[in-house]
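Q: I have a structure I would like to understand better, so I am pasting it below and will then ask my questions one at a time.
Coordinate-derived values only; no laboratory data. Only a predicted model underlies this, so the values are computations on that prediction, with no experimental measurement involved. Cβ: placed from backbone, ideal geometry, glycine included. Neighbour counts: every protein chain shown.
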Amino acid sequence: MTLDFPSWAQSFRTQVQRLRTTTGATLHQFEALFSPWIARHRLAQQEEKEHSRDRCWNLRLVFWTFLWQVAQAGSSCREAIRQAQSVCRLAARTIPPDQSSPYCQSRGKIPLEVLQQIHDAVVKEAEEVVAQKDRWCGHRVFAVDGSTVTAEDTPENQKAFPQQSVQKRGCGFPIIRLVAFFSLATGLLTAWVTGHWHLHEIALFQLLWEHLRADDVLLGDRGFSAWATLAQCRLRGIHGVFRVHTHYGAGIN
């Protein structure tokens, strides 16, 4: 979608490059900056199953360490662990071991429902503080776009998200296709849906209608430009704005 907004895309690239070339915040600073957005009870020790025991890599520590690592482009697990060790020293808590395996295992066991609850709460709070003047003509505007990501190469993932057919078996990673909404007022990813590589973005997009309400504006590129999409927008009272697909452009004056 960035090709449709060249001036915005250039500014975005500049900001990303600046983030990648400057010294990032420490884990302690990162948590202090973002923790007000996440209610403390959401990262409390779980009552059962994973993260129900109070280990050195408890849910709160592994969550903030993982989030810090994601925000630092190219950061290794070893660097993330060093950051966590520094935080624990400051708080006089048990210092995690140098080995990356315990951290990676704990990271993989973060309950998905906890992450979903945190995401939904942040999106809701951000939406509530958006002033009416910050909305385009008073409307909520959401951009829809699609992309793909690769998953861990496991038999389960290969079955659920098969790789491209042009790749030899065992020579590629599972490919997850995703379609998501972004709020133009808050800049947050508000909703998303995933599927396998062979599903078209339009098909996945059909699963996201419930996240829109009447009088919203839906902004999309040519990939979502279809008469059926516009018809659905009309039926739901949603304003659809899409680049004209090349197949339809010749018939429009």
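Q: For the stretch 73-178, what percent of Cα pairs sit more than 15 Å apart?
A: Here the tail beyond 15 Å accounts for 80 percent of pairs.
Q: Please list 58-68, 121-131, 181-191 highest first by mean number of surrounding beta-carbon atoms within 10 Å per residue.
A: Top of the packing list down: 58-68, 181-191, 121-131.
Q: Can I ask one more? If N is the number of residues in the stretch 113-159, what value comes out of its Cα radius of gyration divided by 2.2 N^0.38 Å?
A: Relative to the 2.2 N^0.38 Å estimate, the stretch 113-159 comes out at 1.80.
Q: Do you know the relative contact order of the stretch 34-139, to the nearest whole percent, from alpha carbon pairs under 8 angstrom that are 6+ apart?
A: 28
Q: Checking the a/c ratio against 1.5 first, then a/b against b/c, what shape does the Cα gyration tensor give for the stretch 177-252?
A: Since a/c reaches 1.5 but b/c is at least a/b, the shape of the stretch 177-252 is classed as oblate.
Q: Note down the relative contact order for the stretch 155-253 as a percent, whole number, built from C-alpha pairs under 8 angstrom at least six residues apart.
A: 19
Q: From the convex hull of the Cα coordinates of the stretch 97-247, what is the mean projected area in square nanometres?
A: Its Cα hull, projected and averaged over all orientations, spans 12.5 nm².
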